[in-house]
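The values are calculated or read from the model by the stated rules, or taken from the named source; none is laboratory data. Values in this document were obtained by computation on a predicted structure and should not be read as measured data. Here the Cβ is made from the backbone with ideal geometry for all residues, glycine too, and neighbour counts use every protein chain on show. These accessible areas exclude ligands, DNA and RNA; they are computed on the full protein's heavy atoms, side chains included. Shrake-Rupley method; radii C 1.70, N 1.55, O 1.52, S 1.80 Å.
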Amino acid sequence: MKLFRGSFIVTLFALIIAFIYGGWNGLFVTFILAVLEISLSIDNAIVNARILERMSPAWQKMFLTVGILIAVVGMRLIFPLLIVGVSAHIDPISALRLALAKGDPQVMGTYGYILHHAHPQIAAFGGMFLLMLALGFFFDQRAYTWLKLPEKLLQRIGHFPAANAIISLGLLLLVSETLAVESHTILFAGCLGILTFLLVDGFGDMMSHSKAASTTNFIIATGKAGFALFLYLEVIDASFSFDGVIGAFAITSDPIIILLGLGVIGAMFVRSLTLYLVKKGTLNELVYLEHGAHWAILTLAILILASIKWEIGDVITGLIGAVIIGLSFTSSIVYNRRH
């Protein structure tokens, strides 16, 4: 509980601010958004924890301090303003005024309406990034396999040069031609997502190999290598936020309530959960948990891409991810008892 103490304190203050700002309705909506964000981000925390294990204590602290500011201010406040500004061809100050107007997302020209109509491009970018992340995990050789048949098949496919990029580009072409109204826009956004993953992943690998301090168990990234992993972690963290930020506008168009629910409370608890997994060594004890997280990510990526055409609720996404991770958790417990 010590690791979650800060999150509970921040939650209390955030809920008080939500009540002062929006009354009982503001308090209730903030709480709902926080619960949705936490439930949707369990797989995010598992992936973050595995990367955070490779970082030095100094860079871990950087992720838990500076990183939280990036997650809260950057992704939950500035990112939506940028999307609205670019879509409506207005400056950031005008976008902020539009956001504070609390317009109905169903009314043309409002902040929520503009952000909702930018969803296909955001979904293409975030969906392809997460797809590359999940496939990259399964294409690598692993000491354990959870779902034997599909995971061994994916490992074999991973032997083919550039298999990740080839499969992702092929799926992107299929999605842009069959699901998108503006196929060229979706194709461009998806290619940006793939390119971003390749650049960040490649930069992280390059820096990790160029400078690292060895320990008896694994490599701890310091200096430039730690900075590269920090950037990699922030981009992954941001990619998980795309769908949640857009989906929040189905519940409320108030940017302050969204910031409090998703950013302040949700992001803090995800950070605490990530730190808990690292400190307790949970991923090493529960050998299938990371596999379950990446199957959940793969499912999330497919659902995000499908949301370009069809409306898919966050409840469905969160429930599927929770079931997959729950099954991998149970399988890990069974494995430990047998061995």
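A count restricted to segment 136-154 and to residues that are in contact with a Ser or Thr (Cβ under 8 Å, 6 or more places away or on another chain) and either over 16 Å from Leu289 (Cα atoms) or free of Cβ contacts under 8 Å to residues at least 24 places away in the same chain (or both) stands at 1. Here Pro57 meets each of (1) at pLDDT 75 or above; (2) within 22 Å of the chain's Cα centre (by Cα) with one exception, condition (2).
Scanning segment 291-305 for residues that are over 16 Å from Asp237 (Cβ atoms), in contact with a Ser or Thr (Cβ under 8 Å, 6 or more places away or on another chain), aliphatic (A, V, I, L, M) and crowded, with 24+ Cβ neighbours inside 10 Å yields a count of 0.
Rundown of residues vs (1) open to solvent by less than 30 Å² (accessible area, probe 1.4 Å); (2) in a helix (DSSP H, G or I); (3) out of contact with any Gly (no Cβ under 8 Å at 6 or more places or on another chain); (4) farther than 30 Å from Glu285 by Cβ, yes/no style:
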position: Ala99; (1), (2), (3), (4): yes, yes, yes, yes
position: His116; (1), (2), (3), (4): no, yes, yes, yes
position: Met128; (1), (2), (3), (4): yes, yes, no, yes
position: Lys152; (1), (2), (3), (4): no, yes, yes, no
position: Ile166; (1), (2), (3), (4): no, yes, yes, yes
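Cβ separations smaller than 7 Å between residues 6+ apart or across chains give the following pairs from segment 157-176 residues that are over 16 Å from Gly126 (Cα atoms) to residues that are open to solvent by 30 Å² or more (accessible area, probe 1.4 Å) and in a helix (DSSP H, G or I): Ala163/Ile157. In segment 159-169, is there at least one residue being at pLDDT 85 or above, of a type in the set (Val, Ile, Thr) and over 20 Å from Glu290 (Cα atoms)? There is at least one residue in segment 159-169 that is at pLDDT 85 or above, of a type in the set (Val, Ile, Thr) and over 20 Å from Glu290 (Cα atoms).
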